[in-house]
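Read through the structure below, which is laid out as C-alpha cells, and then see the notes.
The values are calculated or read from the model by the stated rules, or taken from the named source; none is laboratory data. Model, not experiment: these values are computed from the prediction. Using ideal geometry, Cβ is built from the backbone for each residue, glycine included, and neighbour counts are taken over all protein chains shown. These accessible areas exclude ligands, DNA and RNA; they are computed on the full protein's heavy atoms, side chains included. Shrake-Rupley method; radii C 1.70, N 1.55, O 1.52, S 1.80 Å.
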Amino acid sequence: MEIAGIIKGKVIGDENVRITGINSLDKASEGEISFFVDTRYRDFLKETKASALIVSAPVEDYKGAQVVVSDPKLAYARAAGIFAPPVSRYDGISKNAVIEETSAIGVNVSIYPMVYVGREAVIGDNVTLYPGTFIGDKVRIGDRTVIYPNVSIMRDCIVGKDVIIHAGCVIGSDGFGYVRDGSENVKIPQLGIVQIDDNVEIGANTTIDRAANGRTWIKRGVKTDNLVQIAHNVTIGEDSILVSLSGISGSAQIGREVVIGGQAGVKDHIEIGDRAIIGPRAGVHKTIKSGEMVLGDPSMPYRLWMRVSSLIAKLPEINDRLRSLENRLKGSEKEEK
Amino acid sequence: MEIAGIIKGKVIGDENVRITGINSLDKASEGEISFFVDTRYRDFLKETKASALIVSAPVEDYKGAQVVVSDPKLAYARAAGIFAPPVSRYDGISKNAVIEETSAIGVNVSIYPMVYVGREAVIGDNVTLYPGTFIGDKVRIGDRTVIYPNVSIMRDCIVGKDVIIHAGCVIGSDGFGYVRDGSENVKIPQLGIVQIDDNVEIGANTTIDRAANGRTWIKRGVKTDNLVQIAHNVTIGEDSILVSLSGISGSAQIGREVVIGGQAGVKDHIEIGDRAIIGPRAGVHKTIKSGEMVLGDPSMPYRLWMRVSSLIAKLPEINDRLRSLENRLKGSEKEEK
Amino acid sequence: MEIAGIIKGKVIGDENVRITGINSLDKASEGEISFFVDTRYRDFLKETKASALIVSAPVEDYKGAQVVVSDPKLAYARAAGIFAPPVSRYDGISKNAVIEETSAIGVNVSIYPMVYVGREAVIGDNVTLYPGTFIGDKVRIGDRTVIYPNVSIMRDCIVGKDVIIHAGCVIGSDGFGYVRDGSENVKIPQLGIVQIDDNVEIGANTTIDRAANGRTWIKRGVKTDNLVQIAHNVTIGEDSILVSLSGISGSAQIGREVVIGGQAGVKDHIEIGDRAIIGPRAGVHKTIKSGEMVLGDPSMPYRLWMRVSSLIAKLPEINDRLRSLENRLKGSEKEEK
C-alpha cells in the first residue's frame, strides 16, 4: 500500500492490499480506501466495504487494513489527491484560439478553442487556458496555472504560479471610485493592477478590482470561495480564506491566515490582524486584532455574540419584564403615598 | 377566444373577440387581453383599452369581455406563455462552434457559434446552446434544455430535460474544501459531480459546486434566482425556490417546496424541512422543521421576529426606561433608609 | 502646466514644470503630479518626490509647484483622466467574430474575436465589444459604449451612449416570476426588456433582469459596483450609486442620486426617494423618503441606528441590570410585607 507512505501512516493489518480508489465509508467498494474521522459515523465501520481505512487511532469493529495517521482529514486530502482525475487539457494550442503575435507563450501550454490572448501578454509553461478565457494586453500568467472557462483577466494584471481561477471570474475590472460634481458622478480613473501570487485559488464568478493606484494584492496561498467581491487596493495576506458572498471594501488590509465567513462584509480602510476569524454574516466596521474571533453586525467578540444572539430573540420577554417592573414600581410608589 | 379554453375560464361578454397580445391594465391596447388581480388598480378598469380581462369574479366598470378563472395569476402566466416570443435559436450547428468528435449530439439541436462541447459529452435532442457555452468532458445535457450565453458546465456533470440555465452560470466548479497543514491550506480534491434534474431553472451568474464525493443535487422543478451560491454536497428538494444572493453552505439538505429569501444564508450540514419558508436576509444556523416560517439572524419563528424586529429600534427607549427604573428604585431605597 | 487649466486651478510656484504622470504622495516620482486631501498624510509632504501637488489651500513644507483648486478630489479625478491609458481596442472587426447579416454596425467600431452579434441588432459608432460578448437579437448599443469580455446582453434590450459594462455582466435575463399550481412552479413569461440610459457604468458580474412587462430601467449616469442584482421592473433614478452585493427586488422604484451601500437589500415594490442614503448591509422593508439616511436591518434613521447598534452589544448587560432590578424589587416588596 504505497499510499501509506505518501500520507505518512503506520499500517495495521494487510500491508499488501491494493488500493484503486477512495470513497466515503458508506459508498466505498472493495479495493477502495476510506477514512474515519467523525465518530457519528461509527456504525458504518462494520458495514463498509472499504479495503482499508485512514484513522487517527486503531479502531475495533473493522476487518480491513488500517492506516494510522496523526491528522486523518489532512491524510484524506492527500490520498484523494492521488486518485483525483487530472485536470482535462486541450492538446496544445487550438487553431480556434486567437493569440496576438506580440504575446509570449511558454512550453507545453494547453490553450482551448475560443481563448483570446492579448498583445504583449506572457503565458508561462504548462499553463491551461479553458474556452472563453480572456487574457488582456500585457497580462502575465505564471507556470502551471489553470484558468477555467469564461474568466476575464484585464490588462496589465499579474497572476502567479500554480494558481487556479475558477470559471466566470473577473480579475482587474475597474475599482469603484467616483467624485460628485454637482449631481454627476465623475469617474476616478483606476490606474493600478491586480497582483495574484503563487498557489492562490479563486472561486467561480468572484470579482477582484484593479487598484486606483498601485495594486490590489492577493498574496500567496489565499483561497476564495465563489461570488466573493474584493475591491480596489485591498491586500489579502498569505493563506487567508474568504467564504462565498463575502465582500471586502476598498483599501481594507487583511492579514495572513485570516478566515472571512460567508456573506460577511468588511468596511473600507479597515485592518484585520493575522489569524483573525470573521464569522459568517458578520459586519466589520472597525479594526480587528490578530487572533480575534468576531461575529454579529456590528461585529463583536465571539463569546459576547453568543450571549447577545440568544438575547435578541428574548427582546419581547425583556420588554414584558420591564413593563411588569414599571407597573410594580408604580404600584409600590402609589402605596407609599 | 381560444385563450379562454387554454386557461379554463368562463367567458362573460363577446366570445368572439380576437386577442393578439397580453399587457397590464394601463398599457394594454385594443386587441390585447389584460388581468385584474390587485384591487389597488380598480381605477384602471374604466380607462383600460384592453379588449378582454382575466378576473376571479365578474367586475363592473368594464365594457369588454371577461374571462372568469379560479386563479387569475396562474391564468395570466399561462396566457402570457401563448404570446411570449419563442427562444431565439441558431439554425443547426454553427461551423464556428467546436465540438469534440467523441461527443454525441442529438437531433434538431441549435448550437450557436463559439460553443465548445467536450470529449464524450452527450447533448440531447432539441437542445439550444448559446455562444460562449462551455460543455466539459462527459457532461450530459437532457432534451429541450436551453443554455444561455457564457455558461460553464464542468466535466461529468448531469443536466436534465427541459432545464433553463441563464447566462454566466457556473455548474460543477470545485467545492470549497481545504485542510490546514501548518499555515498552508491543502486542497481536498472534489471528486463528485453536480446533478440537475428535469424542469429546473437556474438564474444568471449562479454558482453550483461539485460534491467532494457523490453529488450536489438540484431536484426536479427547483428555480433559483440570480447570483445564488450552492456549495458542495447540498441537496435542494423538488420545486424549491431560492431568491437572489442567497447562499447554501456545504452538505445542507433543503426539502421540497421550500422558499429561501434573498440574501438569506444557510449554515453547513443544516436540514430545512419541506415547505419551510426562510425569509429574506435570514441567517439559519440550525435545523428548520417542515412548514416552519423563519426570519431574522439568528433566524426565529416569523411571529416572534415580527415582535423582535419592532423592538430592536426601541432599544434606546428600553435602555432609558431601565435607567429611569434604576433611578426611581435608588430613590425609593434611599427614602426607606 | 496645461493640467492646471484643465482642472481649473491656480498655480503657486513654477508654472512651467512638465508633468508626465500622476501618483500618490508616497509613490510619486519626479515629473509626476500628486494630491493632498487627507491631513493624515501631512508627513508625506516633506518627503514626496512629486513635482507638483493638487491642494485645496497652499501648504507649507512642500517645495514643488502647487495647484490650488476648490475640490481636490474632483481635480484629481480629472487629472488622472488625462494620464489614464486609453481603453485597449481591436483594430476594426475581427474575422473571428460572428456578426449576423441582418444587424447594423456603426462606423469605427472595435469588435474583438469571439464576439457574437445577433439578428437585427444595432451597434452604434465607435463602440468596443470585447471577446466573449454576446449581443442578442434586436439589441441596440449606443455610440462610444464599451462592453468588456464575456458580457451577455439578451434579445431586445437597449443600451445607451457612453455606457461601460464590465466583464461577466448579464443584462436581460428573465425576471424571477412563478405562480404555484399545486406544488409546481409555473413560469410567468418575462415579456419586457432592460433599458440602460447614457453614461451608465455597470460593475463586473452584475445581473439585471428583463421586466415581466415594460422595462427594467437604469437611468442616465447610474453607477453599479460588482455583483449587484437588479430584479425585473426596477427603476434606478439618474446618477444613483449601488455598491457591491446589494440587491434590489422586483418593481422597487429608486430615486435619483440615491446611494445603496454594499450588501444592502431593498424589498420588492418599495420606493426610495431622491438623494436617500441606504447604508451598507441595511435591509429596507418600507418606503424611504427623499434625503433620508437609513441603516440597520430592519432599516431605521441613521442617528437612531448609531444608538441602537451600540446597545445591541449591551443586551447581556441590559438583561443583567433588569434581573438585578427584579431581585431588588422582590427584596423591597418582601420587606414591605
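Using a simple spin-label model with pseudo-atoms 7 Å out from Cα toward Cβ, B:LYS289 and C:ASN327 lie 3.5 nm apart. In the context of the full protein assembly, C:MET306 retains an accessible surface of approximately 80 Å², using a probe radius of 1.4 Å and ignoring ligands and nucleic acids. Shape analysis of the protein assembly as shown places it in the rounded category; the axes a ≥ b ≥ c from the Cα gyration tensor give an a/c below 1.5.
In chain A, the DSSP beta bridges split such that about 10 percent are antiparallel, to the nearest 5.
Shortest first, C:GLU30 label-point distances to identical copies amount to 8.1, 8.1 nm, with the label point at 7 Å from Cα along Cα→Cβ. Put a dot 7 Å past the Cα of A:GLU317, heading toward its Cβ, do the same for C:THR39, and the two dots end up 5.0 nm apart. Across segment A:151-298, the relative contact order, built from alpha-carbon pairs under 8 Å that are at least six residues apart, equals 14 percent. Selection among C:SER173, C:ASN205, C:HIS232 by position relative to the dipole of segment C:151-298 gives C:HIS232 as farthest towards the positive end (Cβ unit charges, Cα centre). Apolar share of the accessible surface for chain A: 48 percent from carbon plus sulfur atoms, 1.4 Å probe. When shorter helices are ignored and each DSSP H run of at least 4 residues is given -39500 (n - 2.57), the per-residue value for the protein assembly as shown at 222 nm works out to -5000 deg cm²/dmol.
Sorted from shortest to longest, the distances between the C:LYS10 label points of this copy and the other copies are 8.4, 8.4 nm, with each point 7 Å from Cα along the line through the beta carbon. The order of C:TRP217, B:TRP305 by accessible area, most exposed first and with a 1.4 Å probe, is C:TRP217, B:TRP305. When you restrict to C-alpha pairs under 8 Å that are six or more residues apart and normalise by the size of segment B:101-194, the relative contact order lands at 19 percent. Using Cβ point charges alone (K and R +1, D and E -1), the dipole size of the protein assembly as shown about the Cα centre works out to roughly 2160 debye. In this Cβ point-charge picture (+1 for Lys and Arg, -1 for Asp and Glu), segment B:2-83 has a dipole of about 180 debye about its Cα centre. Rolling a 1.4 Å probe over the protein heavy atoms leaves A:ASP125 with an accessible area of roughly 50 Å². Note on B:ASP26 and C:ASP268: with the Förster distance fixed at 22 Å, the Cβ-Cβ geometry gives a FRET efficiency of about 0.70. Computed from the Cβ-Cβ distance with R0 of 51 Å, the FRET efficiency linking C:ASP198 to A:ALA57 stands at 0.15.
Shape verdict for chain B, please, from the Cα gyration tensor: rounded (a/c under 1.5), prolate (a/b greater than b/c) or oblate. Cα axes put chain B in the oblate bin.
With both labels modelled 7 Å from their Cα along Cα-to-Cβ, the B:LYS95 to B:LYS8 distance reads 5.1 nm. Reported value for segment A:149-231: 86 Å³ per residue, from the convex hull of its C-alpha atoms. Taken about its Cα centre, segment B:246-337 carries a charge dipole of roughly 200 debye when the Cβ of each Lys and Arg holds +1 and the Cβ of each Asp and Glu holds -1. Rolled with a 1.4 Å probe across the full set of protein chains, the surface gives B:ARG275 an accessible area near 120 Å². Among rounded, prolate and oblate, which fits segment B:151-298 when a ≥ b ≥ c are the square roots of the eigenvalues of its C-alpha gyration tensor, a/c under 1.5 means rounded, and a/b larger than b/c means prolate? Since a/c reaches 1.5 but b/c is at least a/b, the shape of segment B:151-298 is classed as oblate. With a Förster radius of 22 Å applied to the C-beta separation of B:GLU47 and C:ALA104, the computed FRET efficiency comes to 0.05. When the alpha carbon gyration tensor of segment C:2-83 is reduced to an equivalent ellipsoid, its three semi-axes come out at 16, 13, 12 angstrom, largest first. Straight-distance candidates among the lysines for linking to C:LYS138, with alpha-carbon spacing under 28 Å and chain neighbours fewer than 8 residues away dropped: B:LYS27, B:LYS49, B:LYS95, B:LYS223, C:LYS95, C:LYS161, C:LYS187, C:LYS219, C:LYS223.
Ranked from largest to smallest solvent-accessible area, with a 1.4 Å probe on the protein heavy atoms, B:VAL259, C:VAL115 come out as B:VAL259, C:VAL115. Only Cα pairs under 8 Å and 6+ residues apart enter the sum, and on that basis the relative contact order of segment C:179-222 stands at 44 percent. Both chains summed, the buried accessible area for A and C stands near 5300 Å², from protein heavy atoms and a 1.4 Å probe.
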